[in-house]
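Derivation of every value follows stated rules applied to the coordinates shown; laboratory data play no part. Given the structure is predicted, the values throughout are model-derived calculations rather than measurements. Reconstructed Cβ throughout: ideal geometry from the backbone, glycine too, with neighbour counts over all protein chains shown.
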Amino acid sequence: MKKLLLSLALGLGLLTAGSFAVAQTTAPAATASEAKAEAPAAAAAPAAAEASAPAADASAPAAPVPNKGDTAWMMVSTLLVIMMAVPGLALFYGGLVRSKNMLSILMQVMVTFSLIVVLWFLYGYSIAFTEGNAFFGGFDRLFMKGIWDNAAGTFANAATFSKGVYIPEIVFAAFQASFAAITCTLIVGSFAERMKFSAVLLFSALWFTFSYAPIAHMVWFWMGPDAYTGKEAVDAMNAKAGYLWQSGALDFAGGTVVHINAAVAGLVGAFMVGKRIGYGKEAMAPHSLTLTMVGAALLWVGWFGFNAGSALEANGFAALAFINTFGATAAAVLAWCIGEALMRGKASMLGAASGAVAGLVAITPACGNVGIGGALVIGFLSGFAGLWGVNGLKKLLGADDTLDVFGVHGVCGILGAILTGVFNSPALGGPGYVADWVTATMVTSADYSIAAQVWVQTKAVLTTVVWSGVVSFVAFKLVDMVIGLRVSEEDEREGLDISSHGETAYNR
């Protein structure tokens, strides 16, 4: 492990040093960008160019000025997503494991999160959000090159979903970094209490590179609304978008990119790492449901930044995503509690916290794509679906998915992604989708086909499942060959806090 950590440190140090040299070069006059977009003339030209060509500058259109309100909202949203992972997810997971593994799960979440943030700024952002092909972006933003001109003090802009509206690309990159990082930390819940710390980090780096970044590109990359200047440009601009964007898949905040993607990786890991010693024979109850409740509450609050922030603007669609996140989660809590009461005669705190996460997961792809009524239905159904996922489905699969990553994030992510195609319909109170980006007109109720959109959503789910499954299998195999996946039986029985980190969460 020491050799791996030393190699990672040296490699990241060299890459970071190189990035300083590359990123400080002069930014191009026009820059690629956004949640899926690249806007022409998005960055101001360097001062030297203005001095040498005043005539050209006089005729050139002025660079767009980012909206300060949108920019502030996106920075707050980024902070909320960071809070979801550290401390939200860390405490949620931490309370669910046994006390002897508490610090190990906190470490895996915090260090994995930090590793992915660094890799995102080195190359991940470029692979996900620059023009390349339908599956991978290019290297225009390698080491965040060109995202700002330090000499001129100018920043590249990122398009939003409204024509003529921009935010600084550096803010968009930070927002998406938090998404990438929390996605990778979700996976560790599937093989908690038994996997080597070094193996967790190496797998995370491989999976992030070959599964997260490509799926994000396929689902979210497009050329931005201002690129659609006329009907003659539509086909060319669509051809530059990600594969699933081109197919018309709707994923407002990450049902496929985040939850299904991570859940499949977790399930593969649970099978390949193997069951915990004593699983099914020894008591493995959560050591602190109090901490789990605190973590779930932080996740719920932070998720407003996750979902409403994905609108990229402080506008009506951000508000729609906000209220849908609010209502769907509450409905899921109630549904899970009802299900538990019917099954076992009483509802539990663990069930209520799990129900909240189930509702948050299910509404993620739908939050800005459905009406309030549709959100309540999705949330309510997700409570029952998640309860089945962690009980019935888990037994059918036979995997030791320690913290039920697939049972909640996989099952509810799939449910939410598919139901987005149903409740996006204007006839069911949904906003529909933009049918023509040249004029920014929405699809009419008469032209919307629920069956067709559900099929598009299903294809997106299947694509994500297959892609993540294959990448995860290969990545786990490589890690197993290089350093091994699992700690020794002695270390596992002692607990990973002591055996992997030499410390304990609580005084004995």
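Some observations on this one:
- Residues Phe306, Phe423, Phe221, sorted so that the one with the fewest Cβ neighbours within 10 Å comes first: Phe423, Phe306, Phe221
- If R0 is taken as 51 Å, the Cβ-Cβ distance between Glu494 and Trp455 corresponds to a FRET efficiency of 0.50.
- Taken as entire DSSP H runs, the helices of the chain that both span 24 Å or more between Cα atoms along their own long axis and average 0.0 or more on the Kyte-Doolittle scale are 2-23, 102-119, 169-187, 289-308, 316-344, 372-388, 450-482.
- Dipole orientation for the chain: of the candidates Leu415, Asn507, Met83, Asn507 has the Cα lying most toward the positive pole (charges on Cβ; Lys, Arg +1; Asp, Glu -1).
- Close amide H pairs (under 5 Å, H built 1.01 Å from N) link Trp148 with Ala156, residues at least 5 positions away or on another chain.
- For the range 409-437 versus the range 311-326, the inter-centroid distance based on Cα atoms is 15 Å.
- Each residue of the range 435-443 was assigned a 3J(HN,Hα) from its phi angle through the Karplus curve 6.51 cos²θ - 1.76 cosθ + 1.60 (θ = phi - 60°); the sequence is 8, 9, 6, 5, 9, 6, 9, 8, 5 Hz, with glycine and proline shown as x.
- The charge dipole of the chain, taken about its Cα centre with unit charges on the Cβ of Lys, Arg, Asp and Glu (plus for the first two, minus for the last two), comes to roughly 1300 debye.
- Cross-link partners of Lys196 among lysines (Cα-Cα below 20 Å; sequence separation of 8 or more within a chain): Lys2, Lys3, Lys100, Lys275, Lys477
- Reducing the range 439-508 and the range 354-374 to their Cα centroids gives an inter-centroid distance of 19 Å.
- Shape category assigned to the chain from the gyration tensor of Cα positions, a/c cut at 1.5: oblate
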